[in-house]
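Q: This is the structure I want to talk about, given as structure tokens.
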Amino acid sequence: MFELSSSQCAVIQHPYSPGSTLKVVAGPGSGKTHTLLLQIRQLIAKGSVQPDEILVLSLTNKAVDNIIDKLLDAFQNDPHDTKNEVQINEVVSKIAVFTIHGLASRIVTENEGIVNIIEEDGWRGLLKLIPPDLHLGQCQLGGKNSILRPRELERIVRDYQTRRTAINKTSFMESLMAILRDSKVVTNDDLILSATNYLHVKSEQDPVSNEGITNDVLSKYKVVIIDEFQDLYPSLTPLIQKVAQNKELILFGDPNQSIYGFLGNNKLVMKSLESARPSSSFETLSLPDSYRCTPEIKSLAETMTGTRTLANPKSTSFMHSKPPCGIAPFFVNISDPVEELEWIVDQIAQLVCCSAKLSDIAILTRTNVQAKSVSEFLRSYGIPFEVLNSQPAWIEDKHIKFLIDLLRFCTLISDETNDQSPLTQHRTDFSSVIVLSSLRGIGSQTVQTLFNQSSRMKCSIWNLISNTPESEWRLTPSQRKKIKCVVKTMQFAAHSTQSATMTPLELVSELIGIAQEIGYSFEDSKQREQKVQLRERIIQMVKVIKLCENSKPEGTSLPKWFLATYFDQGIICHRQDKEAKNKQAGIVKISTIHSSKGLEFPIVFLMGEANSKLPLEKKVIYVGMTRARNLLYINNLRQANQKSVSLISPLEFGEPFWRYYNHDLDRHWKADKNQGLTKYNLLRKTYGLSTLQRTFSTLRSCIRKF
Ligand SMILES: Nc1ncnc2c1ncn2[C@@H]1O[C@H](COP(=O)(O)OP(=O)(O)OP(=O)(O)O)[C@@H](O)[C@H]1O
């Protein structure tokens with residue numbers, strides 16, 4: 001365990017003070033996350049607050065993942081703590097760590113039941129409702145050749161809601177709005193707004209006595225810690241203010257790493273948080289140290305992006321920084337994308353022949369598409385890799401998404417069947433559209449006809465198909481037959497999936513069975529590799545349902561609790577898997593820069609243009625560059641005419657660098673030049689590098705100089 005700097009100690013020892021705000025401004029690699037974790041530990045150790053009185057929030061899953069990942073370690077490494085492992089686990093499990101949207105979702109679900117947070121899939125489902133050749137004012141939405149995309153429909157709906165466009169008030173748009181309203185379909189912004197309203201309404205009801213997350217937020221939590229404050233955007237401000245009311249608010253972040261500026265101006269949020277409390281209760285501390293990047297990397301990152309280094313106005317102490325490593329970051333200008341990837345593979349081969357492990361290396365890209373092509377390229381060489389997603393992969397899987405939609409549909413049907421009040425009626429509409437439009441043999445036309453007929457009859461789609469005789473459905477005989485089969489299965493499923501005695505595994509098996517029975521096709525997972533992947537993701541889903549089973553409050557059904565919390569619970573499982581993966585032999589990490597935020601790697605290859613003049617882009621580049629501990633390669637693809645820094649092969653870095661490298665990573669190091677070269681030759685054979693012209697020339701020059 002390392003010694004804490006005086007700036008870190010100042011934050012950790014900061015006394016608990018209700019109603020105050022502490023803002024900790026910390027540069028990359030200054031130990032922000034580490035300090036945040038130790039501060040939580042200290043607050044509990046001093047008895048200022050109990051573990052279940054601390055709420056930690058962040059905007060991204062990645063940041064939450066990172067905190068959950070390290071929280072247990074921080075407590076286990078406390079030399080003064082005499083608790084055993086079980087007791088430590090218990091303490092850590094009481095600390096609430098959520099994304100802001102995860103917290104909002106829990107509050108809203110607790111108060112009004114299941115809500116549908118609409119994402120791309122949801123909009124895609126709604127697109128199926130649009131009749132051919134539908135004209136709305138200036139816009140033509142439907143038609144055979146319509147290329148309306150989910151995002152465009154989202155924009156049209158938003159504009160229509162706010163009456164910003166000249167779209168006529170048509171019965172179609174009104175029915176679409178009704179579906180969204182009655183099915184409680186919300187966007188992320190709506191979710192934040194509703195959660196804020198519930199907190200306002202509940203805080204006015206006296207006394208606050210009931211159990212649940214809303215009351216925990218209002219009366220139990222004493223300290224609210226927000227990590228990565230630079231990611232907050234204005235529409236979150238009212239919720240944060242309400243959540244932090246009367247509590248100590250601690251904000252950690254780095255304005256230079258604000259890469260979500262496109263969501264809104266973070267400075268406005270910080271201003272309103274500052275002005276909400278008297279200035280005497282607002283304190284700013286900074287962590288100016290730099291434990292991660294070599295000075296070579298840090299100063300290049302600052303010069304290239306025009307970032308100002310953090311000063312520590314309050315501290316007169318020595319600023320901690322790593323000593324120089326002697327190797328400056330490399331600029332590599334390769335104009336051909338394939339050549340660029342070939343070059344990276346060759347460098348990886350050389351690096352692992354020296355002292356690096358495959359798991360030390362990260363390739364950071366600007367886009368997901370670029371990350372995908374890098375992963376395909378590495379796969380073709382047999383190089384093991386892992387793509388770091390901002391969300392656990394199972395949640396992103398379209399088949400799993402369907403199973404979740406199906407479970408939501410079953411649960412809502414069950415509610416609608418048991419409660420025919422106007423509030424519950426129509427809640428199934430959105431799910432009906434999403435589920436029906438994903439089934440084989442049920443085309444957009446069938447969904448549109450049912451939607452139009454139910455709108456005219458002023459009943460829900462489910463009500464229409466489950467309660468009226470099939471002869472009244474305006475469908476063809478074959479369409480009727482299919483819908484009849486869906487209704488029959490779903491009526492049974494609405495009952496079976498809600499059974500209190502069902503185990504998580506039984507629940508998922510039941511869902512898969514229902515999906516197949518109603519005509520959902522898992523067919524694109526026919527290939528062995530995809531089948532294995534889907535099976536693994538289904539196992540993930542079962543694991544998360546198991547976690548939900550353990551944390552489920554009394555009186556809430558498992559499906560409902562899962563639907564409300566699977567996102568956050570999924571992150572916990574993601575962490576357990578990561579631990580298992582880390583134990584495997586080394587794997588190269590591939591990630592977009594956005595998903596790499598908060599992480600660090602000994603060696604980073606940064607792909608894409610690095611010389612942008614746009615302020616937001618500069619911040620993205622800054623984040624990418626500062627993920628590297630020791631070696632940074634900037635593949636400045638679009639700047640092919642810019643002069644490259646002359647490249648040195650890793651095999652030529654020399655002993656002092658590799659000694660430095662191993663010391664930095666706390667590894668034992670044994671110099672052996674020849675072994676490195678032999679290994680490189682072996683790798684060339686294994687990965688087929690010898691087929692590459694370029695590699696040959698690098699290799700030849702490398703052998704000559706060795
Ligand atoms: N006092 C210390 N002495 C030595 N190393 C430290 C110290 N504090 C933190 N570190 C190390 O510095 C590295 C960066 O720490 P951490 O990830 O907490 O930084 P961060 O400020 O959260 O970075 P970023 O803002 O880029 O996410 C980690 O490897 C951590 O173990």
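Q: What are the pairs, 6+ residues apart or on separate chains, where a residue within segment 150-177 that is under 18 Å from Ile118 (Cα atoms) has its Cβ under 6 Å from a residue that is at pLDDT below 75?
A: As it stands, the answer is Pro150/Glu120; Asp159/Thr165; Tyr160/Ile167, since those pairs meet every condition given.
Q: Only one residue in Asn89, Asn111 is assigned to a helix (DSSP H, G or I), surrounded by 15 or more Cβ atoms within 10 Å (Cβ to Cβ) and not charged (D, E, K, R). Which one?
A: The conditions single out Asn111.
Q: So which of Gln347, Gln370 ends up being surrounded by 19 or more Cβ atoms within 10 Å (Cβ to Cβ) and of a type in the set (S, T, N, Q)?
A: Matching residue, one of Gln347, Gln370: Gln347.
This table checks each residue for (1) modelled with pLDDT under 80; (2) aromatic (Phe, Trp, Tyr); (3) buried (at least 17 other Cβ atoms within 10 Å of the Cβ); (4) part of a loop (DSSP other than H, G, I, E, B).
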{"residue": "Ala515", "(1), (2), (3), (4)": "no, no, yes, no"}
{"residue": "Gly519", "(1), (2), (3), (4)": "no, no, no, yes"}
{"residue": "Trp561", "(1), (2), (3), (4)": "no, yes, yes, no"}
{"residue": "Ile571", "(1), (2), (3), (4)": "yes, no, yes, no"}
{"residue": "Asn582", "(1), (2), (3), (4)": "yes, no, no, no"}
{"residue": "Lys613", "(1), (2), (3), (4)": "yes, no, no, yes"}
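Q: Looking at (1) assigned to a loop (DSSP other than H, G, I, E, B); (2) under 26 Å from Asp69 (Cβ atoms), which is the only condition Val387 fails?
A: That leaves (1) as the condition not met.
Q: Next question, about the same structure. Yes or no: Ser591 at pLDDT below 95, more than 10 Å from the ligand (Cβ to nearest atom) and within 17 Å of Thr303 (Cβ to Cβ)?
A: No; evaluated as a whole, the condition is false for this residue.
Q: Looking at the structure I just gave you, is Gln50 closer than 21 Å to Val91 by Cβ, at pLDDT 95 or above and within 13 Å of the ligand (Cβ to nearest atom)?
A: no
Q: I've got another one for you. Kindly provide the set of residues from segment 205-259 that are within 16 Å of the ligand (Cβ to nearest atom), touching a strand residue (DSSP E or B) at 6+ places or on another chain (Cβ under 9 Å) and outside any loop (DSSP other than H, G, I, E, B), ordered by number.
A: Residues satisfying the conditions are Ile225, Ile226, Phe229, Gln230, Asp231, Ile250, Leu251, Phe252, Gly253, Pro255.
Q: Let me ask something else. Between Ile156, Ile147, which is within 19 Å of Gln445 (Cβ to Cβ), at pLDDT 60 or above and not assigned by the TED database to the domain that holds Leu563?
A: Of Ile156, Ile147, the one residue that is within 19 Å of Gln445 (Cβ to Cβ), at pLDDT 60 or above and not assigned by the TED database to the domain that holds Leu563 is Ile147.
Q: Something else: Filter segment 1-41 for residues that are more than 8 Å from the ligand (Cβ to nearest atom), assigned to a strand (DSSP E or B) and not hydroxyl-bearing (Ser, Thr, Tyr) and give the result.
A: Hits for segment 1-41 are Leu22, Lys23, Val24, Val25.
Q: Looking at segment 260-268, is at least one residue surrounded by fewer than 22 Cβ atoms within 10 Å (Cβ to Cβ), more than 16 Å from the ligand (Cβ to nearest atom), at pLDDT 90 or above and part of a strand (DSSP E or B)?
A: Checking segment 260-268: not a single residue is surrounded by fewer than 22 Cβ atoms within 10 Å (Cβ to Cβ), more than 16 Å from the ligand (Cβ to nearest atom), at pLDDT 90 or above and part of a strand (DSSP E or B).
Q: Kindly list the number of the only condition in (1) over 30 Å from Trp123 (Cβ atoms); (2) within 16 Å of the ligand (Cβ to nearest atom) that fails for Lys202.
A: Against the list (1) over 30 Å from Trp123 (Cβ atoms); (2) within 16 Å of the ligand (Cβ to nearest atom), Lys202 comes up short only on (2).
Q: Considering each of Val508, Val532 in turn, give the residue that is more than 22 Å from Ser437 (Cβ to Cβ) and surrounded by 14 or more Cβ atoms within 10 Å (Cβ to Cβ).
A: Among Val508, Val532, only Val508 is more than 22 Å from Ser437 (Cβ to Cβ) and surrounded by 14 or more Cβ atoms within 10 Å (Cβ to Cβ).
Q: Being more than 28 Å from Ser275 (Cβ to Cβ) and either within 13 Å of the ligand (Cβ to nearest atom) or small (Gly, Ala, Ser) (or both) is the filter here, so list the residues in segment 53-66 that pass it.
A: Lys62, Asp65, Asn66
Q: Report the residue count in segment 546-559 for those that are in a loop (DSSP other than H, G, I, E, B) and surrounded by 15 or more Cβ atoms within 10 Å (Cβ to Cβ).
A: The qualifying residues number 3.
Q: On the given criteria, is Leu72 free of Cβ contacts under 8 Å to residues at least 40 places away in the same chain, within 16 Å of the ligand (Cβ to nearest atom) and in contact with a His (Cβ under 9 Å, 6 or more places away or on another chain)?
A: Spelling it out, it is not the case that Leu72 is free of Cβ contacts under 8 Å to residues at least 40 places away in the same chain, within 16 Å of the ligand (Cβ to nearest atom) and in contact with a His (Cβ under 9 Å, 6 or more places away or on another chain).
The values are calculated or read from the model by the stated rules, or taken from the named source; none is laboratory data. Note that this is a predicted model, so its numbers are computed, not measured. Virtual Cβ from ideal backbone geometry, glycine too; neighbours counted across all protein chains shown.
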